[in-house]
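Below you'll find the structure, written out as structure tokens, and then a few comments.
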Amino acid sequence: MPAPYIEFRDVSKAFGDNVVLEHVNFNVMTGETVCILGRSGVGKSVSLHHIMGFLKPDSGRVIVAGEDITDYTEEQLEHVRYTGRCGGCARESNGPRVMPCRIDEISTFRR
């Protein structure tokens, strides 16, 4: 069985007393389409920012394209972002915003 393209291993993130992600685990396989749904403040954007490397978890590991990016430097993360390994993430909130990644391996706009 192939390894997941994106993997959260027991990821937690808090901003002060506000715990946004608590021991989150999930996998996304190559070519799989995933939608993260939820009300405001439950960690949708925070999860995407972890995948893109814009945020670091307080605990746990984030794996993208088979690489554990949790402890990557900004230079290493830029290489992952701009070579398209982190897939593509787009969202609309207060106007459209597109994260700086190409949609190569994972497409949020399939079908």
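The values are calculated or read from the model by the stated rules, or taken from the named source; none is laboratory data. Bear in mind that the values here come from a model prediction, so they are computed numbers and not experimental data. Glycine gets a Cβ as well: all are built from the backbone with ideal geometry, and neighbour counts include every protein chain shown.
Please go through the range 5-17 and pick out each residue that is outside any strand (DSSP E or B) and at pLDDT below 95. Listed by number, the list holds a single entry, Tyr5. Does the range 18-41 include one or more residues that are outside any helix (DSSP H, G or I), modelled with pLDDT under 90 and within 18 Å of Thr83 (Cα to Cα)? Within the range 18-41, one or more residues are outside any helix (DSSP H, G or I), modelled with pLDDT under 90 and within 18 Å of Thr83 (Cα to Cα).
Suppose we filter the range 1-19 for residues that are over 24 Å from Thr73 (Cβ atoms) and β-branched (Val, Ile, Thr); how many remain? Residues that pass the stated criteria total 1. Residue check: Pro57 meets all listed conditions (1) at pLDDT 95 or above; (2) part of a loop (DSSP other than H, G, I, E, B); (3) on the phi > 0 side of the Ramachandran plot but one, namely (3).
With respect to Val46, determine if the residue is assigned to a helix (DSSP H, G or I), under 20 Å from Tyr72 (Cβ atoms) and modelled with pLDDT of 90 or more. In short, yes. A Cβ distance below 7 Å, combined with a sequence gap of six or more or placement on separate chains, defines the contacts here; from the range 22-39, residues that are within 18 Å of Asp10 (Cα to Cα) and in contact (Cβ under 8 Å) with a residue 40 or more places away in the chain reach residues that are among the aromatic types (Phe, Trp, Tyr) and outside any strand (DSSP E or B) in the pairs Val28/Tyr5.
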